[in-house]
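Below you'll find the structure, written out as structure tokens, and then a few comments.
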Amino acid sequence: MDKLTGTERTKRFYEEKGWKEEGGESVDRKLFGTKEDGPIRVELYKLHMDRVRTSLLSAGGLPNLLECGCGGNPDQQVVALCSRYTGVDFSEVGLDMARASLAHVSIPHEFRAADVCKLPFQEGQFDAVYTAHMIYHIEDPKAQEAALAEFLRVVRPGGVVVIVAANPRPLLFPIRLARRVLADTPLLGRLLNRLKSKSPIPYQPMPIGWMRRRLQRGGEVSAVSYALPSNQFNQGVTEYRGLGRLAWKTIRWLDINHPRLSAYLGNYVIYTCRKAVATR
Ligand SMILES: C[S@@+](CC[C@H](N)C(=O)[O-])C[C@H]1O[C@@H](n2cnc3c(N)ncnc32)[C@H](O)[C@@H]1O
């Protein structure tokens, strides 16, 4: 297999399992879906989607937008912003589900099966590229780098690339931070990774500095918080009482008042890269 393509194990997981329904919900949603049922969570989810929306609209006008790794879950709020929407994924099962979910939508849209490391589009074809929770499921950092280069290639000068990705070094979550630092240590990391139970799909989030440096090849980059809590924290910690309530209130305060700092403190980041316009 060509080294610079996405991860075969991820593709197989989504073809065979991830986008299949179990009890009225896809396996992907069951594993990775976030709870939005408490008032703080509802408020923060809205805040994060507002940040994504503002970034995508900053290209000017309603964008002709490409979503990479939409799977069976094209973001309906993002679709609603577009003059035209194209969704790409290497899971055909996911794309069938995506087609069904947009069957009622009148905004012009299409889906293409492709690997995001080799996008079947022309240079500068889109006003905006959006991708959420996809890039860190590509196992090889060199292939992640190829995907980032592809996003920057297919967006026009002055357009934007907006990426929601995991932060492997969340300073507010010391156990997670320590685990990841150990996992990234060459010899010890290999041993620990062999011992620990296998996650259903590869998880290789790259540090914020690494992401910034690659994106800066295309233009100016900003990084703000998408979500401070990890998925497990979100699913497991109540915001209604005790320490959980205090933790959620602190997270809310940090996220609202310090979105740039919170990118480094928490588990998920929104990167926005505005592609440079060539000057003579
Ligand atoms: C965790 S799901 C995220 C789906 C959706 N973006 C969301 O936020 O709910 C990851 C998706 O990315 C797709 N994916 C991962 N690597 C890919 C690649 N190299 N090329 C195309 N799709 C890829 C998977 O097939 C899967 O549908």
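The values are calculated or read from the model by the stated rules, or taken from the named source; none is laboratory data. Keep in mind that this is a model prediction, so the values were computed, not measured. Positions of Cβ are generated from backbone atoms using ideal geometry, with glycine treated the same way; all protein chains shown enter the neighbour counts. Each accessible area value is taken on the protein alone, full model and side chains, heavy atoms only, with ligands, DNA and RNA left out. Shrake-Rupley method; radii C 1.70, N 1.55, O 1.52, S 1.80 Å.
At a glance:
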quantity: Solvent-accessible area per residue for segment 177-259 (1.4 angstrom probe, square angstrom); calculated: 60 Å²
quantity: Cross-link reach list, aspartates and glutamates versus Lys20, counting only Cα pairs under 14 Å and skipping chain neighbours closer than eight places; calculated: Asp28, Glu92, Asp96
quantity: Unsatisfied cross-links (Cα-Cα over 18 Å) in the set Lys11/Lys118; Lys17/Lys46; Lys3/Lys275; calculated: Lys17/Lys46; Lys3/Lys275
quantity: Share, in percent, of DSSP beta bridges within the chain that are antiparallel, nearest 5; calculated: 45 percent
quantity: Hz values of 3J(HN,Hα) by residue in segment 180-188 - Karplus curve (6.51, -1.76, 1.60), Gly and Pro given as x; calculated: 6, 4, 5, 4, 8, 7, x, 7, 4
quantity: Karplus-derived HN-Hα couplings along segment 136-146 (A = 6.51, B = -1.76, C = 1.60, θ = phi - 60°), whole Hz, x at Gly and Pro; calculated: 7, 9, 8, 6, 8, x, 5, 6, 4, 4, 5
quantity: For the chain, size of Cβ-based charge dipole, Lys and Arg +1, Asp and Glu -1, in debye; calculated: 1080 debye
quantity: Net charge contributed by nearby residues that have their C-beta within less than 14 Å of Gly61 (K/R +1, D/E -1); calculated: +2
quantity: Accessible area, probe 1.4 Å, largest first, for residues Thr54, Thr34, Thr86; calculated: Thr54, Thr34, Thr86
quantity: Percent accessible area from carbon and sulfur atoms, segment 1-85, protein chains only, probe 1.4 Å; calculated: 53 percent
quantity: Cα-based shape type of segment 147-217, given that a ≥ b ≥ c are square roots of the gyration tensor eigenvalues and the cut on a/c is 1.5; calculated: prolate
quantity: Shape of the chain, Cα gyration tensor, a/c cut at 1.5; calculated: rounded
quantity: Global geometry of segment 192-280, whether rounded, prolate or oblate, following the gyration tensor of its Cα atoms and the 1.5 cut on a/c; calculated: oblate
quantity: Val155 accessible area, 1.4 Å probe, all protein chains in place, Å² to nearest 10; calculated: 0 Å²
quantity: Segment 8-275, relative contact order [Cα under 8 Å, separation at least 6], %; calculated: 20 percent
quantity: Segment Leu261-Arg9, extension gain: residue separation times 0.36 nm, minus the distance between their alpha carbons; calculated: 87.3 nm
